[in-house]
């Protein structure tokens, strides 16, 4: 709608109204994603943005951000139908405030009058947008009156997924599955945990359930750090799909030298260390590696941590028994948890990342000893980042051989195994009548042997 890059500027007293502080934070984050193209996680990790809010307002802000980004296409289409002359390009906060107000009216349990009033206050507090307070009020009142009926006539699946991405999924997975993926991405996911042991017991304590693959799934009420078992290091947060690649090494991993490449935030490192492997975790980002170190300390697990660029890392002993490479990717399989992804990524990103992934997998194979095993994985749904990368390696490296994965390696879930014998989970897998408990991230993994 607008290409403005500056963050909205509010008057100093704008946060005095109850509920307005959470909307201000949500507006700043949405502006950061849509106009400054900053990743959502990076924005939410900004302590300055969160420090002033209590836990209730933080939760509200996250809910608002998630609702807007998950339903962005639908909301924009709806708002456009109510604004004949278009939204003011010189005041981008107007669109942000309208998105927030409409999301509250249509998708969240917020009284219409409160949603309208706080959106208007949000606009009034910005010196560039203040003169559009009347427009904001009028549009949101129409949304409250007519929005639900108009919403029913829209195809949210096609609107809430960028056209280039939906076209790709249709080509790769077919129309029905592409739509199922897009629909799954519209729901906020549950909290997935990997327990060090006694998964059934932790599921009971956390009022959750154990998935067929062994992951504990629950609905978090309040901060994760306050849940039973967190401080004691009994579990860590990890999507059910992300927990599968490390399991592909099999049960005889204890005592083996394993390299976990591009390791942060460290869920797979924790899995391998908990299974008794001697893990070397490598990542190029110092801040992410520090977080991995903190997680391992809480979990009372050990690993050697190395800050290095994986493509050039040359350890003294480059003969690991096993190597796990979770390659950087477009992350199109994680939109359930990262609703900013479709609005930050571009089709052109795929080829650029595939080139990096090709270099990474070649180096990972070189780090694997003859007879050792390499797991290549990504959280992308795009074949260029997955099957094509593996195919190129197999075509160019005589030492590499695919080791097909059997359904038994992933708790008998045959739908997770491709015709070639690779792992492929989709966001629409694990359907459930309660959408909060349905789905998992889209993940790909190939298991490879270095023959010589």
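The values are calculated or read from the model by the stated rules, or taken from the named source; none is laboratory data. Keep in mind that what you see is a predicted model, and the values were worked out from it rather than measured. Note that each Cβ is placed from the backbone with ideal geometry, even for glycine, and that neighbours are counted across all protein chains shown.
Among residues that are assigned to a helix (DSSP H, G or I) and crowded, with 19+ Cβ neighbours inside 10 Å, residue 157 is not included. Of the helices (runs of 4 or more DSSP H) contained entirely in segment 24-126, those carrying at least 3 residues that are touching a residue at least 24 places away in the same chain (Cβ under 8 Å) fall at 55-70, 72-82, 93-107, 112-124.
Residues checked against (1) crowded, with 24+ Cβ neighbours inside 10 Å; (2) over 18 Å from the mean Cα position of the chain (by Cα); (3) not in a loop (DSSP other than H, G, I, E, B):
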{"site": "230", "(1), (2), (3)": "no, yes, no"}
{"site": "242", "(1), (2), (3)": "yes, no, no"}
{"site": "247", "(1), (2), (3)": "no, yes, yes"}
{"site": "252", "(1), (2), (3)": "no, yes, no"}
{"site": "259", "(1), (2), (3)": "yes, yes, yes"}
{"site": "268", "(1), (2), (3)": "yes, no, yes"}
{"site": "271", "(1), (2), (3)": "yes, yes, yes"}
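Checking each residue in segment 432-452 for being assigned to a loop (DSSP other than H, G, I, E, B) and either over 19 Å from the mean Cα position of the chain (by Cα) or at pLDDT below 95 (or both) picks out 432, 433, 434, 451, 452. Answer yes if at least one residue in segment 393-413 is over 21 Å from residue 214 (Cα atoms) and buried (at least 23 other Cβ atoms within 10 Å of the Cβ), and no otherwise. So far as segment 393-413 goes, no, none of its residues is over 21 Å from residue 214 (Cα atoms) and buried (at least 23 other Cβ atoms within 10 Å of the Cβ).
Could you tell me whether residue 357 is surrounded by fewer than 19 Cβ atoms within 10 Å (Cβ to Cβ), in contact with a helix residue (DSSP H, G or I) (Cβ under 8 Å, 6 or more places away or on another chain) and either farther than 17 Å from residue 162 by Cβ or in contact (Cβ under 8 Å) with a residue 60 or more places away in the chain (or both)? Taking the combined requirement at face value, the residue does not satisfy it.
Pairs meeting the criteria (first residue in segment 216-235 and at positive phi, second residue assigned to a loop (DSSP other than H, G, I, E, B), beta carbons under 7 Å, at least 6 apart or on different chains) are 233/300. Could you figure out which of (1) over 22 Å from residue 380 (Cα atoms); (2) under 19 Å from the mean Cα position of the chain (by Cα); (3) surrounded by 15 or more Cβ atoms within 10 Å (Cβ to Cβ) isn't true of residue 278? Status for residue 278: all satisfied but (2).
Scanning segment 1-23 for residues that are assigned to a helix (DSSP H, G or I), under 17 Å from residue 64 (Cβ atoms) and at pLDDT 55 or above turns up 20, 21, 22, 23. Remark: residue 445 falls outside the filter, which requires a residue to be within 16 Å of residue 354 (Cα to Cα), surrounded by 14 or more Cβ atoms within 10 Å (Cβ to Cβ) and free of Cβ contacts under 8 Å to residues at least 60 places away in the same chain. Annotation note: Cβ proximity below 7 Å between a residue of segment 175-188 that is in a helix (DSSP H, G or I) and a residue that is surrounded by fewer than 17 Cβ atoms within 10 Å (Cβ to Cβ) (sequence gap 6+ or interchain) occurs for 178/170.
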